[in-house]
Amino acid sequence: MSQLDPLIADLALILICAGIMTLLFKSLKQPIVLGYIVAGFLASPNMSYMPSVTDMHGIHTWSEIGVIFLLFALGLEFSFKKILKMGAAPIIAAVSIILCMMYVGTCTGSLFGWSNMDCIYLGGMLAMSSTTIIFKAFDDMGLRNERFAGLVLSVLIIEDILAIVLMVMLSTLAISKEFEGTQMLLSITQLGLYLVLWFTVGLFFIPIVLRKLKPLMNEETLLIIALALCFGMVVAASAAGFSAAFGAFVMGSILAETVEAEKIEHLVNPVKNLFGAIFFVSVGMMVDLNLIIEYIVPILCIIAAIMLGQTVLSTCGFLLSGQSLKTSMQCSFSLTQIGEFAFILATLGTSLHVTSDFLYPIVVAVSVFTTFTTPYMIRLANPAYNVVARILPAKLIEKLERYENEKEEKAPDELKLIWNRCFKRYVLTILINSVLCIAIMSVMLYYGQPLIAEIVPEQWVHSLTAFIALILCTPFLWQMLRSGADSPEVNKLWESGVRWRIRISAYGVLRIIITAVFVSYFVDYAIPGSTWLGMFALVAIMILIFYSSVLKTQSNKMVQKFTDNLTAREKMKEL
């Protein structure tokens, strides 16, 4: 008789327990995610009197795949365009919540006399709510289409992005014992560059490839291609120093803008459900009753800190971002848990030997408990609001509820509205094209130059590298220098008064300076140390780029293709 691999036997046990608990919790009209956690607790090695899994490493690997699929599915349903449409509110709320909860966590740890590093890391763990748990809870409760749910998911995505920065800060603090501002700034810049590069390149090429391959694709091939893109981005994100889940979310957001997004979402959903179940079961396996009993007082205090901190301080954060009191309470009550990032941060502290051994089991127990309470806290938001509405003065409640509507109804000045649109377009144009030029320069320096060195004499290597990079960058340099300069909106502003002309002229000078910086870099790399010749080359290249009709045609075609890809899904829905 052949020997069955332990991982297969473990999978059978997990799915049997999960299936039974799913049916039980469904019959009790409870969120399924709670059933998964109970199933994990029952199947864990900590329950010695019941059958338990034997290969925890394999289960951990599968649970990581589950996180990847959950974040990939989240990206498919919630693109960055939705965040931009919601304005600054999610950013203000997310930053406020992170700062407040880090302070709450640090103060809570200090109450037990823990070390400074334990307190700081605990604050970081409490600052980030669980995207996967909230996403699953909203899904099970049918709340994903609610306005407050969209705002919560926006805040969670921003928290995930800021979590990477926080990890760098805490890592630097652990090593140097002081905050290194330069390292933090470099990490933030790197994150921004990679995000812009991935989205720009992905949104330009992936829809084109999918359209070209559409005659060859059925459901099976589309699923394989989508998963290949997902895991390819996971590998790219990991190589760049980011989390695998973050890479999956980025690719999901890119595919969300394609016409195949809904079909991909439908195909990925069963796979996501399978591996997502394994992830939540693995969370339940981390429960150890002995450790919970040993650290019951710190666990209860941290749970209370999360519940009170999120419901009170997060409500203030959402109010600060311009939301009504009811929406703010609905959002804050949804965030009363910690999740995957807390485990990652706890592992980081342990690997750097800067946190105590007891911190990890405490965080696991708190995470499991708050995961259990998440659906109930979401349901408690409306009754809690009704209580608060009865306690607070009626005029204050009316003002808080009316503020959001007044803000939406207030009509801005027409010229100011036009300038805001133009300014956003200006910033995006400079940002996107600058990142693309930097990416081309980096590729040519690290990959192109070694190849060129094998072909041409040594004295020509730098010049030829710079020349090729400059040729590849010229369409993007033209965009920075001239894109949108003669649009109807800009012309209307120019004719509307001196103050608008000053703003437009200032932007024109800025784009000339930025373009000149890039061109001067290429010139200096090609002919170093030649001041007058370099100046002449700089001016000549700038004039050629400015007046080139070929670059104008080529750049406009690229922008039009990118815009078509970005709006293809909306246009298809309108038909």
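The values are calculated or read from the model by the stated rules, or taken from the named source; none is laboratory data. No experiment lies behind these values; they were computed from the predicted model shown. FYI the Cβ positions are ideal-geometry reconstructions off the backbone, even for glycines, and counts take in every protein chain you see.
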When every residue in the stretch 7-55 that is surrounded by 16 or more Cβ atoms within 10 Å (Cβ to Cβ) and aromatic (Phe, Trp, Tyr) is compared, the one nearest to residue 277 (Cα to Cα) is 36
So, first residue without any contact (Cβ under 8 Å) to a residue 60 or more places away in the chain in the stretch 213-238, second residue among the hydroxyl-bearing types (Ser, Thr, Tyr), Cβ within less than 7 Å, six or more apart or across chains; the pairs are 237/243
By residue number, the members of the stretch 112-132 that are within 10 Å of residue 338 (Cα to Cα) and of a type in the set (S, T, N, Q) are 129, 130, 131
- Can you find even one residue in the stretch 257-275 that is touching a residue at least 60 places away in the same chain (Cβ under 8 Å), assigned to a helix (DSSP H, G or I) and touching a Gly at 6+ places or on another chain (Cβ under 7 Å)? yes
By residue number, the members of the stretch 227-241 that are over 25 Å from residue 558 (Cβ atoms), assigned to a helix (DSSP H, G or I) and not aromatic (Phe, Trp, Tyr) are 227, 228, 230, 234, 235, 237, 238, 239
> Got at least one residue in the stretch 301-321 being over 23 Å from the mean Cα position of the chain (by Cα) and over 26 Å from residue 382 (Cβ atoms)?
Replying inline: yes
Only one of 495, 574 is surrounded by fewer than 15 Cβ atoms within 10 Å (Cβ to Cβ), among the acidic types (Asp, Glu) and at pLDDT 80 or above, namely 495
Among 559, 461, the single one that is among the hydrophobic types (A, V, I, L, M, F, W, C) and out of contact with any helix residue (DSSP H, G or I) (no Cβ under 6 Å at 6 or more places or on another chain) is 559
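Okay, residues lined up against (1) among the aromatic types (Phe, Trp, Tyr); (2) outside any helix (DSSP H, G or I); (3) within 19 Å of the chain's Cα centre (by Cα):
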{"residue": "110", "(1), (2), (3)": "no, no, no"}
{"residue": "124", "(1), (2), (3)": "no, no, yes"}
{"residue": "135", "(1), (2), (3)": "yes, no, yes"}
{"residue": "138", "(1), (2), (3)": "yes, no, yes"}
{"residue": "151", "(1), (2), (3)": "no, no, yes"}
So, first residue assigned by TED's automatic domain parsing to the domain that holds residue 528 and surrounded by 11 or more Cβ atoms within 10 Å (Cβ to Cβ) in the stretch 446-462, second residue among the small types (Gly, Ala, Ser) and at pLDDT 85 or above, Cβ within less than 7 Å, six or more apart or across chains; the pairs are 461/453
Do we find that residue 212 is over 14 Å from the mean Cα position of the chain (by Cα), at pLDDT 85 or above and either under 30 Å from residue 32 (Cβ atoms) or assigned to a loop (DSSP other than H, G, I, E, B) (or both) in this structure? no
Within the stretch 103-112, of all residues that are of a type in the set (Gly, Ala, Ser) and without any contact (Cβ under 8 Å) to a residue 60 or more places away in the chain, the one surrounded by the fewest Cβ atoms within 10 Å (Cβ to Cβ) is 110
Exactly one of 546, 562 is within 29 Å of residue 464 (Cβ to Cβ) and in a helix (DSSP H, G or I), and that residue is 546
Cβ pairs under 9 Å, 6+ apart or interchain, first in the stretch 409-433 and closer than 23 Å to residue 197 by Cβ, second in a loop (DSSP other than H, G, I, E, B) and at pLDDT below 80, ordered by first then second residue, are 425/483; 425/484; 425/487; 426/483; 426/484; 429/483; 429/484; 433/483
In the stretch 80-102, anything buried (at least 19 other Cβ atoms within 10 Å of the Cβ) and either modelled with pLDDT under 80 or touching a strand residue (DSSP E or B) at 6+ places or on another chain (Cβ under 7 Å) (or both) is listed as 83, 89
The residue from 327, 355, 350, 315 that alone is of a type in the set (S, T, N, Q) and surrounded by fewer than 21 Cβ atoms within 10 Å (Cβ to Cβ) is 350
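Listed here are the residues, each with its yes/no results for (1) closer than 24 Å to residue 522 by Cα; (2) touching a Ser or Thr at 6+ places or on another chain (Cβ under 9 Å); (3) at pLDDT 80 or above.
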residue: 389; (1), (2), (3): no, no, yes
residue: 409; (1), (2), (3): no, no, no
residue: 414; (1), (2), (3): no, no, no
residue: 432; (1), (2), (3): yes, yes, yes
residue: 455; (1), (2), (3): yes, no, yes
residue: 460; (1), (2), (3): yes, no, yes
residue: 471; (1), (2), (3): yes, no, yes
Apart from one, (1) farther than 22 Å from residue 131 by Cα; (2) at pLDDT below 80; (3) assigned to a helix (DSSP H, G or I); (4) hydrophobic (A, V, I, L, M, F, W, C) all hold for residue 34; the odd one out is (1)
Check: Taking the stated definitions as given, is residue 484 at pLDDT below 80, surrounded by fewer than 12 Cβ atoms within 10 Å (Cβ to Cβ) and at positive phi?
Finding: no
Flagged in the stretch 539-558 as surrounded by 17 or more Cβ atoms within 10 Å (Cβ to Cβ) and of a type in the set (A, V, I, L, M, F, W, C), in numbering order, are 541, 542, 545, 551
Could you go through the stretch 285-299 and let me know if any residue there is surrounded by fewer than 19 Cβ atoms within 10 Å (Cβ to Cβ), on the phi < 0 side of the Ramachandran plot and of a type in the set (S, T, N, Q). yes
Evaluate the following for residue 426: is it surrounded by 13 or more Cβ atoms within 10 Å (Cβ to Cβ) and either modelled with pLDDT of 65 or more or among the hydrophobic types (A, V, I, L, M, F, W, C) (or both)? yes
(message) Would you confirm whether or not the stretch 507-524 contains a residue that is within 22 Å of residue 436 (Cβ to Cβ) and more than 36 Å from the chain's Cα centre (by Cα)?
(response) yes
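So that you can scan it fast, the table gives a plain yes or no per residue for (1) modelled with pLDDT under 80; (2) within 25 Å of residue 438 (Cβ to Cβ):
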residue	(1), (2)
155	no, no
172	yes, yes
184	yes, yes
207	no, yes
221	no, no
236	no, yes
